[in-house]
Amino acid sequence: IYQSVPYETANYYYSSFSLIDTLPNCTSYVSSKIYDETGKDVTGNFTISQSGQTITAKAKNTNVSNFYNDSYNWEITAKFTGASLSSFKNANNHYRFTNTATVQISRNGTSTSASNTVASNYYTKNF
């Protein structure tokens, strides 16, 4: 999941910022990492939590200038649980999962919007 955070002056800093993603039922959450636009691991700047299939990454501190004018790439690692994957299978016996996360920003109220859509492919060999 890729999300840009624009430059803000201190008067307009967010009171909270969260990325929220729901994994397909055929997967289980393993771990996640968040990187800034330079590729630096900034996972420690977020609290990652899980409730069922929903994973949330909440910024620990939105009151610092270096949180803004940056982009964040949230990589989620999941594994297949053995549930049916047939609805994700295409004609080439490959599996394609599309996913759109939610971005939730609070500043004088809460604003929620969809992130970019990410497609992940899982390839199998025909035996």
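The values are calculated or read from the model by the stated rules, or taken from the named source; none is laboratory data. Values in this document were obtained by computation on a predicted structure and should not be read as measured data. Methodologically, a virtual Cβ is constructed for each residue, glycine included, from the backbone with ideal geometry; neighbour enumeration extends over all protein chains shown. For accessibility, only protein heavy atoms count, side chains too; no ligands or nucleic acids. Shrake-Rupley method; radii C 1.70, N 1.55, O 1.52, S 1.80 Å.
Mean shadow of the range 1-74, computed from the convex hull of its alpha carbons, in nm²?
Its Cα hull, projected and averaged over all orientations, spans 5.0 nm².
Modelled spin labels at Ser28 and Thr47, positioned 7 Å past Cα toward Cβ, are 2.5 nm from each other. Stretching Glu75 away from Tyr12 to a fully extended chain increases their span by 19.9 nm, per 0.36 nm per residue minus the current alpha-carbon distance.
Give the calculated FRET efficiency between Thr54 and Ser106 to the nearest 0.05, with a Förster radius of 22 Å applied to their Cβ-Cβ distance. Here the calculated transfer efficiency is 0.75. In the full protein context, the chain carries 61 Å² of accessible surface per residue, based on a 1.4 Å probe and ignoring ligands, DNA and RNA. Across all Cα pairs in the chain, the calculated P(r) in 5 Å bins from zero up to the longest distance comes to 2, 9, 19, 21, 17, 12, 8, 6, 3, 2, 1, 0, 0 percent per bin. Would you work out which of Ser51, Ser65, Gly39 lies farthest towards the positive end of the dipole of the range 36-80? Charges go on Cβ: Lys and Arg +1, Asp and Glu -1. Of Ser51, Ser65, Gly39, it is Ser51. Rg and Dmax over the alpha-carbon atoms of the range 39-97 stand at 16.7, 49 Å.
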